[in-house]
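First the structure, in the form of structure tokens, and then the observations on it.
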Amino acid sequence: MNLPFRLAVAAVAVVVAVPVAPRAVFAAQNPAVQNPAAPPSEPAGASPEHRSFPAPTNLQVLPKDLTGEQVHKIMEQWEGDLGSGCRTCHAVDPKKVGPNGRPRLNFADDSKEEKKTARLMYRMTDKINTDYVSMVPNSGQSVTCGTCHRGHLGPEPFVPAKHEEHGPVPAAPNATPNAAPAAALPTSGQ
């Protein structure tokens, strides 16, 4: 799989939500927004560092009423799911320099293809969760970026475990009885 496609797939997995997705489904998929009033848990002995996050200005697939802190928590989750960083989807703004002397990111900028792909992927996961997973009784699990990516920007291809076949392969349950086989299969006696 080529890198641009893998990046596109990765970014899409990050941002796949129907713009009018029900808030309850969104919250179930994104624990960071389930209880915005609750303070973030800090490791024992760590002094809480309060950061302020500007209000988002270009939300197209996430609910528009999210705070900057909520969006930041969601983005951190996606970074972990994809094994990537902010610069994967967000463009650098060389005109704005941070206190460390490095350019800041322009989070509202839509020029990176990965960001567009992330939105597409978010819509996809939301549709899967809304239209399919929610129909499974007692599923309790939703599809996230990490379901497929597992910490890799481009998901690793699934390779089924090899096993020995003994005897001829049984016909598919829905096979047409008089259909000609696509290719002759070797039998165990050959």
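Phi angles across segment 105-118 convert, under the Karplus curve 6.51 cos²θ - 1.76 cosθ + 1.60 with θ = phi - 60°, into 3J(HN,Hα) values of 8, 9, 5, 7, 5, 10, 6, 7, 4, 4, 5, 5, 5, 4 Hz, Gly and Pro given as x.
Fully extending the segment from Phe158 to Met135 would add 5.8 nm, taking 0.36 nm per residue of separation and subtracting the current Cα-Cα distance. In order along segment 61-66, the Karplus-derived 3J(HN,Hα) couplings, from 6.51 cos²θ - 1.76 cosθ + 1.60 at θ = phi - 60°, round to 10, 7, x, 5, 8, 6 Hz, and Gly and Pro are given as x. Strictly over 31 Å apart at the Cα level, which of Lys127/Lys162; Lys64/Lys95; Lys115/Lys162; Lys95/Lys115; Lys95/Lys127; Lys112/Lys162 would you flag in this model? Listed pairs above 31 Å: Lys127/Lys162; Lys115/Lys162; Lys95/Lys127; Lys112/Lys162. Residues in segment 86-97 carry Karplus couplings, in order, of 4, 5, 4, 10, 9, 7, 6, 10, x, 7, 10, 10 Hz; the curve used is 6.51 cos²θ - 1.76 cosθ + 1.60 with θ = phi - 60°, and Gly or Pro positions show x. Label Lys127 and Val92 with points 7 Å out from Cα along Cα→Cβ: what is the distance between them in nm? It is 3.5 nm.
Only the coordinates and a few stated rules stand behind these numbers; no lab work does. Please read these numbers as outputs of a predicted model, since none were measured by experiment. No Cβ is skipped: glycine too gets one built from the backbone with ideal geometry, and neighbour counts run over all protein chains shown.
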